[in-house]
1. Residues in segment 129-179 that are over 22 Å from A98 (Cβ atoms), among the charged types (D, E, K, R), in contact with a helix residue (DSSP H, G or I) (Cβ under 9 Å, 6 or more places away or on another chain) and outside any loop (DSSP other than H, G, I, E, B): how many?
2. Is there any pair with a first residue in segment 1-25 that is free of Cβ contacts under 8 Å to residues at least 60 places away in the same chain and a second that is aliphatic (A, V, I, L, M) and open to solvent by less than 40 Å² (accessible area, probe 1.4 Å) whose Cβ atoms are under 6 Å apart and which are 6 or more apart or on different chains, and what are they?
3. So, in segment 47-79, of the ones that are closer than 18 Å to A177 by Cβ and open to solvent by 50 Å² or more (accessible area, probe 1.4 Å), which residue ends up farthest from the chain's Cα centre (by Cα)?
4. For V108, all conditions in the list (1) open to solvent by 30 Å² or more (accessible area, probe 1.4 Å); (2) touching a strand residue (DSSP E or B) at 6+ places or on another chain (Cβ under 6 Å); (3) among the aliphatic types (A, V, I, L, M) hold save one; what is the number of the exception?
5. Restricting to segment 84-103, name every residue that is free of Cβ contacts under 8 Å to residues at least 40 places away in the same chain and either hydrophobic (A, V, I, L, M, F, W, C) or open to solvent by 80 Å² or more (accessible area, probe 1.4 Å) (or both).
6. Residues of segment 117-168 being under 14 Å from the mean Cα position of the chain (by Cα) and open to solvent by 50 Å² or more (accessible area, probe 1.4 Å), which ones?
7. What is the number of the single condition among (1) farther than 22 Å from H167 by Cβ; (2) out of contact with any helix residue (DSSP H, G or I) (no Cβ under 6 Å at 6 or more places or on another chain); (3) open to solvent by 20 Å² or more (accessible area, probe 1.4 Å) that I40 does not meet?
8. Considering each of D29, D51 in turn, give the residue that is touching a Lys or Arg at 6+ places or on another chain (Cβ under 9 Å) and farther than 20 Å from E134 by Cα.
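The values are calculated or read from the model by the stated rules, or taken from the named source; none is laboratory data. Quick caveat, the model's predicted, so the values are computed rather than measured. Reconstructed Cβ throughout: ideal geometry from the backbone, glycine too, with neighbour counts over all protein chains shown. Calculation scope for accessible area: heavy atoms of the full protein, side chains included, ligands and nucleic acids excluded. Shrake-Rupley method; radii C 1.70, N 1.55, O 1.52, S 1.80 Å.
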Amino acid sequence: MTTWIALLRGVNVGGHNKLPMAQLRAGLDEAGLSNPRTYIQSGNVIVDCDDTSPDSVADRIADVIERDHGFRPAVWVMDLAQLQGAVENNPFEAHAQADPKSVHYFFVASTPPPSALAELAELAKPSEAVELGEGVVYLHAPEGIGRSKLAERFDRVARTQTTARNHRTVAAVLELAKT
């Protein structure tokens with residue numbers, strides 16, 4: 001059985017796409033996804049199942065949400081090793097340890113083209129830095145993501161859909177996935 005981590009985009013944000021985590025866990029369990037766990041209300045889900053394809057797991061989770069809650073969010077799915085790799089390869093690890101909310105992981109649907117990465121770097125404040133990883137783009141934003149033009153325009157400039165989490169959340173999800 002594989003442990004899968006699913007990151008949902010745009011749930012419980014600004015009163016839209018309300019998704020109570022207890023109901024989600026019950027629906028996932030009913031759909032045959034074992035040991036469903038969630039972390040906070042922003043759509044961080046861990047399940048165990050025999051599926052071998054992240055796309056299959058993403059579809060199963062989205063199907064449950066659509067059936068039970070009437071909307072279908074974008075779902076990023078990775079296995080435990082992939083999430084562990086994203087954390088281990090974080091180029092801003094020192095910053096993440098000092099201030100976990102200043103480092104953000106933008107999990108990408110597709111790799112942004114080099115020209116997009118250059119545009120993102122141009123949008124960065126002098127205090128910000130952005131780096132490409134495997135399936136993730138890292139952002140160090142010590143002044144906060146809410147004040148970052150780079151973060152605000154990320155999806156459009158990167159020409160891909162993303163879901164973002166700060167280091168504190170990613171680290172907590174990783175620990176929960178190990179249980």
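1. So the answer is 2.
2. Once the first residue is free of Cβ contacts under 8 Å to residues at least 60 places away in the same chain and sits in segment 1-25, its partners that are aliphatic (A, V, I, L, M) and open to solvent by less than 40 Å² (accessible area, probe 1.4 Å) give N12/L19; N17/V11; L19/V11.
3. D50
4. (1)
5. E88, A94, Q97, A98
6. E134, Q161, R168
7. Tallying (1) farther than 22 Å from H167 by Cβ; (2) out of contact with any helix residue (DSSP H, G or I) (no Cβ under 6 Å at 6 or more places or on another chain); (3) open to solvent by 20 Å² or more (accessible area, probe 1.4 Å), I40 fails exactly one: (1).
8. Values: D29 fails: touching a Lys or Arg at 6+ places or on another chain (Cβ under 9 Å).
The unique qualifying residue is D51.
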